[in-house]
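A quick write-up on the structure given underneath.
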Amino acid sequence: MLAQAGTLTTESPLHDLAAIIRSRTPLIAVESNEEPQIVQMLRQIAQQLQLKAYRWTVTEGMQAYDTDDQPHNSVLKSQEILAFIKASASHSLFVLLDFHPYLQDAVHVRFLKDIALTYNNHRSTVVLVGVTMTVPEDLRSFTAHFRLPLPTPVELRRIVYEVAADWGAEHGQTQVQTTNKTLDLLVRNLAGLTASDARRLALKAINDNGVISESDLPEVMRAKYDLLGRDSPLSFEFETAQFAEIGGMRRLRHWLDVRKSFFREGAPDQFDPPRGVLLLGVQGCGKSLAAKAAAGVFGVPLLRLDFGVLYSKYYGETERNLRKALETAEVMSPCVLWLDEIEKGLAVGDDDDGLSRRILGTLLTWLAERKQPVFIVATANEITRLPPEIVRKGRFDEIFFVDMPNLSNRHEILAIHLRKRNLEPVSFDLDALAAATDGFSGSELEQAIVSAMYTAHAQNRTLSQADLLAEIKQTRPFSVLMAERVDELREWAADRTVPCD
Ligand SMILES: Nc1ncnc2c1ncn2[C@@H]1O[C@H](COP(=O)(O)OP(=O)(O)O)[C@@H](O)[C@H]1O
Ligand SMILES: [Mg+2]
């Protein structure tokens, strides 16, 4: 009698739910925000199986679906309905809505257990329906879980049409304006959401102006992330960058450009879809910036996995939370998942009970098995702390080495950062500045401009070439201070990576 704990999700939810009830399950927990649909399904099943059916809410008490079944005395309180079921249920279905809070009370739990234990006498099933549901330990072995399957792309498309038609009717406009391509993208972006969430986000896309345009999509993705990614070590990076802001990296840029359409629209059969890159190199040379720009090139959301948060916030549940985060990334796909400074997150230490090993294992398994278009951009500053498995052939499509900028790239980077601060690059001798900054990283070049601007400002002057040269002279770049480490990295990279320029 106590069969089937577990979660069922297949094509025909009505059929599955009926099967659970027929298989003599005393308790069913339904976690869903589609209450009307669930109630409707249960009503249909009760008719099919010739069960009496009742629903209970805290505001209305117990109501029989069929008025003939309504008992003479009213049954109002949460304990009263359980007492009623225990004493007089017979071949019935009880649908208790939002009963979740009472599951924390020992008396309610005991009542439910008594009902479950005497199932053979009354043959009645209690269905608990709520948006969230934690079944107490004592009841778990009696409880089957049921979840509505998520809408298919066809259903999502229908939802968008319905929402658009309703919006049109309400606003005296016959049609919501959009293009097929945008509609396809919207439907694709709604994947992974429940019907009611999809409805809400579709409405959000239309609402401001009666048009669904591509510019509505980032907002939809952001709202979707808020629904899915709450309380997760993933963060949604609203600010993606553009390669126009990055000096150098031509090869990486080109690599991403030629794969852009395959990533967004799916690769033809004979092609392997782009899966990810590792950017390895000296700190401050633009790896993080390039990760953001990759999302910009692909035109998809950028999600960042923060290993710091993963390890600190979810102590003891780290792997589960990593898996959840990766699932969220798949539901958000197509997207770029950015794993910044992986050596910090995946360095295998000997003082953590093998946790980082298990995290690495979870990540590698997922990398190998992921089905959805989630493009990984991982960055690393060091190789000595990087587990060798991660750089093994085939994990990433390519490992790019991001070296210190050469003369012409320094020229470019200086110009970018001067322009960013409303300074005219032509008023400076950039050739001389680039020549004087051998060994500077992009971030050190930027920093030199920032500091020189302060100096000039303190003396009530606008920034001059001399200010910049003076600042450059004072700077001891990382690549000089840490020459050995940089050399080591270069040596390692020489025959294992591709230069990003
Ligand atoms: N190639 C570059 N082009 C333009 N700016 C750069 C470049 N490299 C670094 N910078 C500047 O330095 C900052 C820090 O770089 P970052 O991307 O964090 O480096 P990394 O991740 O390699 O340590 C960037 O936000 C950017 O302002
Ligand atoms: Mg970085």
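A few remarks follow.
- Check on residue 139, touching a residue at least 60 places away in the same chain (Cβ under 8 Å), part of a helix (DSSP H, G or I) and over 30 Å from the mean Cα position of the chain (by Cα): yes
- Criterion: within 16 Å of ligand 2 (Cβ to nearest atom), outside the structural domain of residue 363 (by TED's automatic domain parsing) and either in contact (Cβ under 8 Å) with a residue 60 or more places away in the chain or assigned to a loop (DSSP other than H, G, I, E, B) (or both) - qualifying residue of 383, 413: 413
- Residue list for segment 112-136, restricted to those being part of a loop (DSSP other than H, G, I, E, B), within 29 Å of the chain's Cα centre (by Cα) and β-branched (Val, Ile, Thr): 131, 132, 134, 135
- Among the residues of segment 25-59, those identified as of a type in the set (D, E, K, R) and closer than 21 Å to residue 91 by Cα are 43, 52, 55.
- Subset of segment 268-299 that is charged (D, E, K, R) and within 16 Å of ligand 2 (Cβ to nearest atom) - its residue that is farthest from residue 374 (Cα to Cα): 287
- Check on residue 343, in a helix (DSSP H, G or I) and either within 16 Å of ligand 2 (Cβ to nearest atom) or among the polar types (S, T, N, Q) (or both): yes
- Residues of segment 239-260 include none that is touching a Pro at 6+ places or on another chain (Cβ under 8 Å), away from ligand 1 (no atom under 11 Å from the Cβ) and not in a helix (DSSP H, G or I).
- Residues in segment 64-123 that are among the β-branched types (Val, Ile, Thr) and out of contact with any Ser or Thr (no Cβ under 9 Å at 6 or more places or on another chain): 67, 75, 81, 95, 107, 109, 118.
- Unmet requirement for residue 480, which otherwise passes all of (1) loosely packed, with under 13 Cβ neighbours inside 10 Å; (2) within 32 Å of the chain's Cα centre (by Cα); (3) touching a residue at least 24 places away in the same chain (Cβ under 8 Å): (2)
- Yes/no for residue 337 being touching a residue at least 40 places away in the same chain (Cβ under 8 Å) and either more than 11 Å from the chain's Cα centre (by Cα) or under 18 Å from residue 252 (Cα atoms) (or both): yes
- Residue 466 at pLDDT 95 or above and out of contact with any Gly (no Cβ under 7 Å at 6 or more places or on another chain): yes
The values are calculated or read from the model by the stated rules, or taken from the named source; none is laboratory data. The shown structure was predicted, so the numbers you read here are calculated from the model rather than taken from an experiment. Ideal geometry is used to build each Cβ from the backbone, glycine not excepted, and the neighbour counts take in all protein chains shown.
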